[in-house]
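Working notes for the structure below.
The values are calculated or read from the model by the stated rules, or taken from the named source; none is laboratory data. Predicted model, so just to flag it, every value in this text is computed and none were measured. Neighbour counts are summed over all protein chains in view; Cβ atoms, including those assigned to glycine, are modelled from backbone coordinates with ideal geometry. Ligands, DNA and RNA are stripped out before the accessible areas are found, and what is left, the full protein with its side chains, is counted by its heavy atoms. Shrake-Rupley method; radii C 1.70, N 1.55, O 1.52, S 1.80 Å.
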Amino acid sequence: MAARWAVGAGSAWVRGLLGWARPERWLASSSLFPLSCIHTSTSLQKFGKWEKKNRIVYPPQLPGEPRRPAEIYHCRREIKYSKDKMWYLAKLIKGMSIDQALAQLEFSDKKGAKVIKEVLLEAQEMAVRNHNVEFKSNLHIAESMTGRGRYVKRIRYHGKGMFGIMKIVRCHYFVKLVEGPPPPPEPPRTGFDQAKEYVQQLRSRTLVNTL
């Protein structure tokens, strides 16, 4: 009788211990690891500072106020391409309309031109789908710039026990589309205009500890 009671008490104690140590009990009560964020796509999405500008909410406009043009921020990160080579293409299309920029990139044989063209087409689709842009051709490129990505060094083996260091370079590309036609180009500045501006800066400066 005593042995049977001891076996029953021991099995009950084991069942209680296993129920107390269940992982879902700890995960449900813990605020650090909620069940809804474990291995889900929502928790793995990462937005940089550039993409977060699409979430800016502006106050309502007053009656009679001109309509605020839509602004679309888009980028592509970790492109296996040099940022210096990408810089020439980024500055080439800055200030152009979206159709003119796509035409320029279509006839460029550079590797980065294909990447920038894909980014512009993605941003154009985002403008129509998410930013209430009526005509996808009514956009111009307000900002177009590149950034440095991850630089990785690797060993390149040569003959006779020699080696060299090679760099695997990556870059980022950022673009900002604004609704409406592109602004007119600024008139070219001559050397005389730059000299007048420099003299004006010298005259308007403040000298410390002088009479």
Within the set of pairs 6+ apart or on separate chains, which have a first residue in the range 156-175 that is free of Cβ contacts under 8 Å to residues at least 12 places away in the same chain and more than 30 Å from residue 51 (Cα to Cα), a second that is open to solvent by less than 30 Å² (accessible area, probe 1.4 Å) and assigned to a strand (DSSP E or B), and C-beta atoms under 6 Å apart? 156/164
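On the given criteria, is residue 176 in a strand (DSSP E or B), at pLDDT below 95, closer than 27 Å to residue 90 by Cβ and not hydroxyl-bearing (Ser, Thr, Tyr)?
no
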I need every pair where a residue in the range 51-69 that is in a helix (DSSP H, G or I) and open to solvent by less than 100 Å² (accessible area, probe 1.4 Å) has its Cβ under 9 Å from the Cβ of a residue that is of a type in the set (A, V, I, L, M) and at pLDDT 90 or above, sequence separation at least 6 or different chains. 54/72; 54/126
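Conditions tested, residue by residue: (1) within 30 Å of residue 57 (Cα to Cα); (2) surrounded by 16 or more Cβ atoms within 10 Å (Cβ to Cβ).
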{"position": "118", "(1), (2)": "yes, no"}
{"position": "128", "(1), (2)": "yes, no"}
{"position": "138", "(1), (2)": "yes, yes"}
{"position": "145", "(1), (2)": "yes, yes"}
{"position": "156", "(1), (2)": "no, no"}
{"position": "161", "(1), (2)": "no, no"}
{"position": "169", "(1), (2)": "no, yes"}
{"position": "172", "(1), (2)": "yes, yes"}
{"position": "175", "(1), (2)": "yes, yes"}
How many residues are in a strand (DSSP E or B), out of contact with any Cys (no Cβ under 8 Å at 6 or more places or on another chain) and charged (D, E, K, R) if we restrict to the range 148-173? 4
For residue 141, state whether it is assigned to a strand (DSSP E or B) and within 19 Å of the chain's Cα centre (by Cα). yes
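Yes or no, residue by residue, for (1) farther than 17 Å from residue 136 by Cα; (2) in contact with a Phe, Trp or Tyr (Cβ under 6 Å, 6 or more places away or on another chain); (3) of a type in the set (Ser, Thr, Tyr):
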{"residue": "48", "(1), (2), (3)": "yes, no, no"}
{"residue": "56", "(1), (2), (3)": "yes, no, no"}
{"residue": "65", "(1), (2), (3)": "yes, no, no"}
{"residue": "68", "(1), (2), (3)": "no, no, no"}
{"residue": "81", "(1), (2), (3)": "yes, no, yes"}
{"residue": "84", "(1), (2), (3)": "yes, no, no"}
{"residue": "88", "(1), (2), (3)": "yes, no, yes"}
{"residue": "92", "(1), (2), (3)": "yes, no, no"}
{"residue": "101", "(1), (2), (3)": "no, no, no"}
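So which residues in the range 70-93 are in a helix (DSSP H, G or I) and not small (Gly, Ala, Ser)?
Step one: filter the range 70-93 for residues in a helix (DSSP H, G or I), giving 83-93.
Within the range 70-93, 83, 84, 85, 86, 87, 88, 89, 91, 92, 93 qualify.
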Flag if residue 151 is surrounded by 11 or more Cβ atoms within 10 Å (Cβ to Cβ) and among the aromatic types (Phe, Trp, Tyr): yes
Residues of the range 101-110 being in a helix (DSSP H, G or I), loosely packed, with under 15 Cβ neighbours inside 10 Å and touching a helix residue (DSSP H, G or I) at 6+ places or on another chain (Cβ under 9 Å), in sequence order, are 106
